[in-house]
Each structure stands twice: as C-alpha cells, then as structure tokens.
Amino acid sequence: SSGINAEYGHSGMSLNIFKAWCHDANNMVIMPGYCVSGTVGHKLLNGTRKLETDKGSVVVNMAVEYLSFSAHADAKGILQLIKNCQPKNVVLVHGEDKKMDFLIDKIDDQFGIPSFKPANGEQISIPCEPHIVGSITKETFKTVRTNGNHFDGMLVKGEEQLSLLSAEEARVKLGLKPVSINLNYKLAMNLDITPTVILERLHTQLSSIISDQKLGPFKRQLDGTLNLNSVHITCKKEEAGGSVVHVLWAVEDDMVGRTVSDILEECGEGLIVN
C-alpha cells in the first residue's frame with residue numbers, strides 16, 4: 001500500500017501498522033506489487049532487517065513476501081484469486097454497487113462463500129466456526145452415547161489440548177475439593193396426628209404418584225424417614241402445636257426433590273387427610 005511504498009517522511013495507516021507489528025516473528029507483510037527503489041517496501045524485499053524511522057530504528061522480525069497482484073483485476077481475475085486462496089469469507093471494499101452485486105452472485109454460484117460489500121464506515125460481523133480439538137475418556141464417551149449424544153461436562157485445558165471431562169473427572173484432575181449443594185423445603189401441618197402417622201400416609205401417597213412418573217419408589221427407614229436417592233423426608237412435632245414436614249435433597253436429584261416439594265405445596269394437608 002501507499003504507506004509501505006513511501007519514504008518514512010510520509011505517513012499512512014499501513015506504515016503505522018507495520019511499525020507496530022514488525023517486531024513479532026509470527027506476523028507477515030505481503031507486498032502486492034512493484035515497490036519503487038528507496039521505499040520501505042523495496043528495502044524489505046531486498047532483505048533489510050533494520051530500518052531507520054522518524055522515531056528511531058526498528059528491527060524487522062516479521063516474514064516478508066511478494067505477491068504479483070494487480071489492484072485493478074477484473075471479475076475473472078478476482079474469481080481466480082478466490083479459487084486459489086479458498087477463503088471462508090470475501091469482503092468487497094471498492095467498486096460500483098451493481099458490479100459488486102454481480103460479483104457477489106458469481107462468488108456465491110461458483111464457491112458458495114459468504115460475501116460482503118460494506119459501505120464506508122459500516123461495521124460488519126463475520127461469523128466464525130472455531131475448530132476445537134480435544135480428548136474424551138472412554139467412560140465419559142460411554143455416558144455421552146447413553147444419554148443420546150448429550151453430555152453435561154467441563155472443558156479442561158491441558159498442556160497440549162482440551163479435554164472433555166465429567167464434573168467428577170474435572171474435580172480430580174484440577175485437585176478441587178468436592179462440594180455438596182443441598183436444597184430443602186418445609187411445610188407446616190396443623191394436624192392432630194403424630195409425625196410417624198404423617199410419614200406413613202406420605203409414603204403411601206407419594207409412592208403412588210412418584211411411581212406413576214417413573215422416578216422410583218420411596219423407602220421407609222427404621223426411624224420413619226422416607227428416602228429416594230438423596231431425597232430425605234422427615235417430620236417433626238412442633239412445641240406450639242402441629243408438625244413440620246422437611247424435604248432435603250442434593251442438587252443432583254433436583255427433579256425428584258422439586259417434584260415432591262411441588263406436590264406438598266399443591267396438596268398440603270389434603271395429601272395426609274385424604
């Protein structure tokens with residue numbers, strides 16, 4: 001561009017960008033055409049790696065390449081360039097509106113590549129599809145297949161690649177302490193019956209409802225409490241009268257816990273009396 005192909009006494013966006021990026025070996029500058037002798041571009045193409053600027057010298061570590069390219073290529077030449085480069089998107093920045101529309105149609109017909117023609121000062125958003133390479137353990141893969149290709153896990157960054165791990169695998173790999181999150185629900189009942197009787201009747205009613213929803217049966221323990229996985233239902237007599245039913249469950253069994261609490265909330269004492 002004009003900035004690179006000018007003496008350093010001049011200014012230009014490309015020249016400023018070059019001075020900011022030339023130190024990094026991961027960058028590259030491509031000269032798309034002839035460079036006049038004495039210009040920055042000509043010096044770079046001839047192997048100069050230290051340049052004097054208006055603000056001192058700069059060391060050039062970036063790669064320098066030459067590309068024979070006409071800035072005034074016709075549609076055929078642009079289509080050939082697209083074919084050779086195989087870009088994922090094309091942005092047209094100069095030309096007559098109707099001719100750019102014609103070229104966009106040609107690009108779509110021949111390559112199926114998204115094309116844009118933003119107006120001056122217009123911002124465009126180009127969608128990207130990141131390609132992420134990672135690993136997955138056999139046990140985790142079995143879980144994914146069992147759940148119909150759906151898996152709730154964590155992406156953990158290792159030294160070389162990402163790993164898709166279950167929550168427990170990630171916890172162990174990262175050396176984290178296990179954390180248990182419990183939820184609870186309480187319901188006061190003004191009934192003149194003992195907590196043991198309340199739990200007996202709850203067991204009968206809930207077992208029927210939960211069984212219909214295929215969530216599994218509740219089991220009665222020796223102390224009268226009801227259990228289903230991590231869901232525990234207890235009942236305690238209050239000194240002021242009545243009893244309080246307490247439902248406690250781990251977040252892993254949130255479906256069952258919320259189902260039980262919703263039933264109690266909706267039916268209340270009627271679940272026991274009836």
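The values are calculated or read from the model by the stated rules, or taken from the named source; none is laboratory data. Keep in mind that this is a model prediction, so the values were computed, not measured. In this analysis, Cβ positions are derived from the backbone assuming ideal geometry, glycine residues included, and neighbour counts consider all displayed protein chains. Side chains are part of the model used for accessible areas, which takes the heavy atoms of the whole protein and leaves out ligands, DNA and RNA. Shrake-Rupley method; radii C 1.70, N 1.55, O 1.52, S 1.80 Å.
Observations on the model:
- Search result, residues across region 2-30 that are open to solvent by less than 70 Å² (accessible area, probe 1.4 Å) and at pLDDT below 85: G3, I4, N5, A6, Y8, G12, S14, L15
- For region 132-146, the count of residues that are at pLDDT below 80, polar (S, T, N, Q) and loosely packed, with under 12 Cβ neighbours inside 10 Å is at least one.
- Candidates in region 82-128 are the residues that are touching a Lys or Arg at 6+ places or on another chain (Cβ under 8 Å) and of a type in the set (D, E, K, R); of these, the one that is surrounded by the fewest Cβ atoms within 10 Å (Cβ to Cβ) is D97.
- Boolean, A73 is at pLDDT below 80, over 30 Å from C128 (Cβ atoms) and not charged (D, E, K, R): no
- Residues of region 48-61 include at least one that is among the hydroxyl-bearing types (S, T, Y), more than 20 Å from L103 (Cβ to Cβ) and open to solvent by 30 Å² or more (accessible area, probe 1.4 Å).
- Of all residue pairs spaced 6 or more apart or on separate chains, those with beta-carbon atoms under 9 Å, a first member in region 248-268 that is without any contact (Cβ under 8 Å) to a residue 40 or more places away in the chain and a second member that is of a type in the set (A, V, I, L, M) and surrounded by fewer than 14 Cβ atoms within 10 Å (Cβ to Cβ) are E252/I181.
- Long-range neighbours under 6 Å by Cβ, at least six apart or interchain, first residue within 11 Å of T137 (Cβ to Cβ) and at pLDDT 85 or above within region 164-176, second among the basic types (K, R) and surrounded by fewer than 18 Cβ atoms within 10 Å (Cβ to Cβ): none
- Some residue of region 199-215 being in contact with a strand residue (DSSP E or B) (Cβ under 6 Å, 6 or more places away or on another chain) and more than 21 Å from E269 (Cα to Cα): no
- Residue list for region 220-247, filter: under 22 Å from I193 (Cβ atoms) and among the aliphatic types (A, V, I, L, M): L222, L226, I233, A240, V244, V245, V247
- Against the test of being closer than 30 Å to E168 by Cβ, β-branched (V, I, T) and touching a Ser or Thr at 6+ places or on another chain (Cβ under 6 Å), the options V179, V247, V256 yield a single qualifying residue, V247.
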